[in-house]
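Read through the structure below, which is laid out as C-alpha cells, and then see the notes.
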Amino acid sequence: MMWSIDRTSGAVVSSSLNPTPADGDGAHASDVAIARVDAIPRDGLVEVEADVEGEPESLILHRDDAGAVRAWRNVCPHAGRRLDWAPGQFLRAKDGSLVCAVHGASFELEGGRCVAGPCRGESLRAVAVHCVEGEVRLGAPVAG
C-alpha cells in the first residue's frame, strides 16, 4: 500500500488563558479555557498543554467542518508515544485521518478510532471539552 501523507502544522496554544484554580475557590475543570475556538482552523489539529486530572498533558484539539471541537490525549495507544512528529506538527493521510508519526497508525477524527496500523480497533483517549463564548474549555458544560 502506498501512503501519501500531508504534514499539517498546528499551532501550539498556551494553556495559560486562565490561571490554575486554587483549591477551595469554587472553580471547576470546566471553568478552565485551554484554547480559543478561532485558533483551530476548520478540519485542523492543534496541540495544547493542559492539566487533566491534576497532571500536565499534551492534548490534540480537532475542529470539524461543522465547527465542533473534540480533544484527545496526544498519545498513541500502540506504544504510548506522542502522535505529532514535532510539537504541534501532525501528519494527515489523504483521507484526512491523523497518522501517528512513529508507527503509522491512522485515526479517524470523528471518534478517534484507529482504522489502520498496529493498534487497529483501539481508540485515542478522549478528553471532555466544550465551547463557551469562543473558548474551548475542559470538562462537560456546567449545568445551570
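Each value in this text was obtained by applying a stated rule to the coordinates, not by laboratory testing. Since the structure is predicted, the reported quantities are computational estimates derived from the model, not experimental observations. Positions of Cβ are backbone-derived with ideal geometry, glycine not excepted, and every protein chain shown enters the neighbour counts.
Descriptive notes on the structure:
- Residues that are under 15 Å from Ala79 (Cβ atoms), surrounded by 16 or more Cβ atoms within 10 Å (Cβ to Cβ), within 13 Å of the chain's Cα centre (by Cα) and not aliphatic (A, V, I, L, M) within segment 101-139 comprise just one, Phe107.
- Residue satisfying all of: in segment 89-100; touching a residue at least 60 places away in the same chain (Cβ under 8 Å) and assigned to a strand (DSSP E or B); farthest from the chain's Cα centre (by Cα) among these: Ala93
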